[in-house]
1. When residues of segment 9-58 are filtered for being open to solvent by less than 40 Å² (accessible area, probe 1.4 Å) and of a type outside the set (A, V, I, L, M, F, W, C), how many remain?
2. Considering segment 385-424 alone, what residues qualify as being under 19 Å from residue 472 (Cβ atoms) and surrounded by fewer than 22 Cβ atoms within 10 Å (Cβ to Cβ)?
3. Here is a list: 275, 318, 228. Which entry is among the hydrophobic types (A, V, I, L, M, F, W, C), more than 16 Å from the ligand (Cβ to nearest atom) and not in a strand (DSSP E or B)?
4. Looking at (1) within 21 Å of residue 386 (Cα to Cα); (2) buried (at least 22 other Cβ atoms within 10 Å of the Cβ), which one does residue 525 not meet, given that it meets all the others?
5. Restricting to segment 299-323, name every residue that is on the phi > 0 side of the Ramachandran plot and either free of Cβ contacts under 8 Å to residues at least 60 places away in the same chain or open to solvent by 10 Å² or more (accessible area, probe 1.4 Å) (or both).
6. Kindly indicate whether residue 143 is touching a residue at least 24 places away in the same chain (Cβ under 8 Å) and within 15 Å of the ligand (Cβ to nearest atom).
7. Test each condition in (1) assigned to a strand (DSSP E or B); (2) away from the ligand (no atom under 13 Å from the Cβ) for residue 75 and report the one that comes out false.
8. From 150, 157, which residue is more than 12 Å from the ligand (Cβ to nearest atom), of a type outside the set (S, T, N, Q) and buried (at least 22 other Cβ atoms within 10 Å of the Cβ)?
Amino acid sequence: MPDHAVSPDGETFAIPGPDEYAPEMERLERLVAAARAEDKEIVVVMGVGFVGAVMAAIIADTVDKTTGKPSKFVIGCQRPSVRSYWKIPVLNRGVSPVKAEDPEVEPMIARCVLEKKTLTATFASDCLRLADCVVVDVQCDYLKNDLGNMRSGETDMAALETTMRVIGENVSPHCLVLIETTVAPGTTEFVAMPIMRKAFRARGIESEPVLAHSFERVMPGREYVKSIRDFWRVCSGCTPEARQRVVKFLDEVLNTDEFPLTVMDRPIESETTKIVENSYRATILAFLHEWSLFAERNGVDLIKVYKAIKVRPTHSNIIFPGPGIGGYCLPKDGGLGYWAYKHVLGFEDQDRVFKITPTAIDVNDTRALHAAELVRDGLRNMGRYIAGARVLLLGASYREDVGDTRYSGSELVVRKLTEMGAEMHVHDPYVDHWYELEKQDTYPAPGRSLARFFRNQEDLVNLRVEKDLKTAIEGAEAVVLAVRHAPYLDLAPDDVVAWAGGPLAVVDCFGILSDAAIRRYFELGCEVKALGRGHIQRIKEEVRKTTP
Ligand SMILES: NC(=O)c1ccc[n+]([C@@H]2O[C@H](COP(=O)([O-])OP(=O)(O)OC[C@H]3O[C@@H](n4cnc5c(N)ncnc54)[C@H](O)[C@@H]3O)[C@@H](O)[C@H]2O)c1
């Protein structure tokens with residue numbers, strides 16, 4: 001096991017040894033004593049990842065509504081693992097461990113760490129002994145064992161269970177423990193509560209833990225902070241006391257005046273809310289896949305169809321699925337619900353009850369494979385083979401104008417085309433490192449990369465994200481427009497063909513090309529294919545008729 005962690009910037013940090021824990025606790029005790037002297041509440045945030053780092057800063061930025069003075073002192077606690085330890089020293093410099101497009105994130109973390117001194121980070125979980133409130137933001141994953149079959153997957157709640165155990169072993173009996181992690185419904189009451197209760201009893205504590213749940217609705221992008229602080233929250237507690245305490249806490253740290261809380265009777269209801277809202281979203285996206293295929297084969301432009309539907313106020317949230325549905329939440333959350341029904345709640349008829357949620361996830365998880373087919377077909381129509389072709393993917397992230405690559409459809413497009421022998425290149429203005437490829441042997445965890453579902457993936461560790469669009473396009477035989485990033489929306493066909501050095505296959509996965517652009521590509525001798533856009537064939541025939 002290496003004794004150091006490396007940050008994404010390449011800086012190496014030695015993982016603390018056993019003798020560093022006592023001095024670290026002394027540092028924290030001093031800081032906490034000073035904070036208590038100023039009447040601040042002590043909050044420990046467990047897990048300083050995408051959500052926890054920003055949530056910790058939001059809490060640390062809280063001021064007392066009457067005095068205007070900072071009212072919380074926050075300790076971000078992160079396990080000192082080889083993968084994640086670097087987040088602690090980085091945060092303690094006042095630098096955000098997560099890269100966000102939101103301009104509010106960096107200054108907020110710097111302000112809380114360096115100026116207000118209301119935020120620090122540590123590896124010492126003993127800090128839980130000092131807490132008045134603990135917020136749990138560790139991950140809870142759903143691991144799929146087959147591509148396109150979520151039913152054979154399983155929930156991995158090891159990190160959450162460990163965290164709950166450590167919390168139970170350390171916190172004071174009256175500490176509020178708020179689980180924000182998206183969990184399988186039933187987890188707070190039937191998994192976390194028993195773990196904490198057992199730990200309490202072992203310490204001779206007879207009272208019930210003060211345990212609550214309130215899930216995150218954070219959206220990566222330019223509104224990162226707002227999507228946590230200025231957004232509606234749902235919460236609940238295991239006991240009336242826990243419910244009342246979590247409402248008070250969220251009222252203090254979030255903008256609940258403008259975005260009122262919804263308070264549920266039981267945690268399973270708040271947990272289910274998260275799972276259902278994300279399964280709903282995954283379902284309306286998956287449902288358009290079949291109509292996307294229908295459209296491609298019958299001269300229909302689904303982009304125009306869905307935009308025409310969207311004007312109806314009752315249907316305004318219809319959205320086009322692009323090359324599959326990525327992000328951390330939508331691909332997994334339905335799985336947590338499906339799994340919990342059997343493994344937490346004890347029912348055996350899960351496949352009779354759950355028809356739509358698993359199908360939606362399976363459809364979304366494999367839609368990108370069809371984009372790869374279109375690249376193959378586009379090249380074939382130009383008399384070329386995918387094997388050996390230089391293919392450029394434009395956009396590695398899962399949605400427009402963010403650098404988040406988790407479970408992006410683009411990853412599957414690259415993997416399938418690589419399997420088919422293409423020489424892949426990738427450009428993305430927002431992504432510096434595509435870790436799903438560069439570190440596929442260990443990321444998201446050893447043996448869990450999507451690489452395992454395809455042949456010949458080994459060389460993808462060497463694929464680097466290119467930053468100059470013109471250079472990236474040079475020599476391309478096919479270009480895949482995978483994400484609606486701003487720089488791709490107005491690309492001029494004449495420029496693309498000139499930069500590529502000749503006609504190429506252009507595959508539009510996200511309704512990016514205007515009809516005029518499609519027409520121009522055909523006039524320039526290119527082939528155009530697109531997800532859900534069957535009218536392209538008509539444009540092609542028109543151009544053929546008019547071009548000698
Ligand atoms: N990222 C999003 O866009 C998003 C949106 C809504 C909800 N959520 C939910 O929020 C939760 C957290 O997600 P995330 O994106 O922040 O995950 P993440 O993987 O970025 O962060 C989790 C962090 O917890 C740390 N951790 C794990 N075990 C620990 C332990 N025992 N003690 C201390 N730290 C520990 C990990 O090292 C990691 O840094 C998940 O349930 C997720 O589903 C995420």
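1. Looking only at that region, the number is 7.
2. The answer is 388, 390, 400, 401, 403, 423, 424.
3. On the way: 275 fails: more than 16 Å from the ligand (Cβ to nearest atom); 228 fails: more than 16 Å from the ligand (Cβ to nearest atom).
When all the criteria are applied, what remains is 318.
4. Going through (1) within 21 Å of residue 386 (Cα to Cα); (2) buried (at least 22 other Cβ atoms within 10 Å of the Cβ) one by one, residue 525 breaks only (2).
5. Taking segment 299-323 first, the residues on the phi > 0 side of the Ramachandran plot are 299, 322.
Hit for segment 299-323 is 299, nothing else.
6. Working: touching a residue at least 24 places away in the same chain (Cβ under 8 Å): yes; within 15 Å of the ligand (Cβ to nearest atom): yes.
Spelling it out, residue 143 is indeed touching a residue at least 24 places away in the same chain (Cβ under 8 Å) and within 15 Å of the ligand (Cβ to nearest atom).
7. Status for residue 75: all satisfied but (2).
8. Values: 157 fails: more than 12 Å from the ligand (Cβ to nearest atom).
Checking each option against the conditions leaves just 150.
The values are calculated or read from the model by the stated rules, or taken from the named source; none is laboratory data. For clarity, every value in this text was computed on a predicted model and none was experimentally measured. Quick reminder, even Gly has a Cβ in these numbers, built from the backbone with ideal geometry, and neighbours come from all protein chains shown. Protein only, heavy atoms only, side chains kept; ligands, DNA and RNA dropped before computing areas. Shrake-Rupley method; radii C 1.70, N 1.55, O 1.52, S 1.80 Å.
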